[in-house]
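Below is one structure, written out as structure tokens, with a few remarks after it.
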Amino acid sequence: MDLLNAALCQIRRDLTVALRRVHDTLTPVIFFAIVVSLFPLAVMVLAKVIAHWLLTGLPLVLLSPLLALQLHLPEPAYGALLATLALGTPVLSLLGAVGAALTLGLRGGGVLVSTLVLPLYTPVLIFGAGAVAQAASGQSIEAHLSLLAAFLVMALTLTPVATATALRVSLD
């Protein structure tokens, strides 16, 4: 019985302390509600980005060996070109979705999207081109591919929620 009384006293004490600082208690609940309300929109955003990539990025990846042959790219760089495009083009589509959501409904949004998104595209383009150049000279491209893969994982994780939030803000 003493153990039960001690447990009840501890629960009463913790609840009293928590109710004195309601904002600390409600913050995780509010955060959870925001995340849950944005999740369906983020899934729809991700579906739209995948459709965009299938229509623009995938054809580019598939056509790249022919274009590489036409431009006399050294044969050792073909695999690097395919790998960097396969990793980099989805990142570009995801970043473009964030820029488009931020400028939704604005006049001259196209120019603003370019201004917002181009600095974010630059690392992807640099590491992709660097990997192809290193492959052409016979060097290892593992570091470049690892960074592009990290960019893709980060973009897949963050941009659907960022885009959904930007869409929700632009609708309000």
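The values are calculated or read from the model by the stated rules, or taken from the named source; none is laboratory data. Keep in mind that what you see is a predicted model, and the values were worked out from it rather than measured. Methodologically, a virtual Cβ is constructed for each residue, glycine included, from the backbone with ideal geometry; neighbour enumeration extends over all protein chains shown.
Some points to look at:
- Any pair with Cβ under 9 angstrom, 6 or more apart, that starts in the stretch 58-76 at a residue that is over 23 Å from residue 140 (Cβ atoms) and ends at one that is of a type in the set (S, T, N, Q) and assigned to a helix (DSSP H, G or I): 58/89; 60/89
- Hits in the stretch 5-54 - residues which are among the basic types (Lys, Arg) and in contact with a helix residue (DSSP H, G or I) (Cβ under 9 Å, 6 or more places away or on another chain): 48
- Residue in the stretch 129-143 that is touching a residue at least 60 places away in the same chain (Cβ under 8 Å) and not small (Gly, Ala, Ser) present: yes
- Residue count, the stretch 1-56 (criterion: touching a residue at least 12 places away in the same chain (Cβ under 8 Å) and among the basic types (Lys, Arg)): 1
- Filtering the stretch 12-43 to residues that are surrounded by fewer than 10 Cβ atoms within 10 Å (Cβ to Cβ) and hydrophobic (A, V, I, L, M, F, W, C) leaves 19, 22, 29, 36.
- Matching residues in the stretch 104-127 - criterion: being modelled with pLDDT under 80, loosely packed, with under 15 Cβ neighbours inside 10 Å and either on the phi > 0 side of the Ramachandran plot or of a type in the set (Gly, Ala, Ser) (or both): 105, 108, 110
- In the set 144, 52, only one residue is more than 30 Å from residue 172 (Cβ to Cβ) and surrounded by 13 or more Cβ atoms within 10 Å (Cβ to Cβ); that residue is 144.
- Only listed residue being within 27 Å of residue 156 (Cβ to Cβ) and modelled with pLDDT of 90 or more, chosen from 38, 46, 87: 87
- Residue in the stretch 60-83 that is assigned to a helix (DSSP H, G or I), closer than 17 Å to residue 124 by Cα and within 18 Å of the chain's Cα centre (by Cα) present: no
- Unmet criterion (only one of (1) touching a helix residue (DSSP H, G or I) at 6+ places or on another chain (Cβ under 7 Å); (2) in contact (Cβ under 8 Å) with a residue 40 or more places away in the chain; (3) surrounded by fewer than 20 Cβ atoms within 10 Å (Cβ to Cβ)) for residue 86: (2)
- Residue check for residue 168: farther than 22 Å from residue 67 by Cβ, charged (D, E, K, R) and assigned to a helix (DSSP H, G or I): yes
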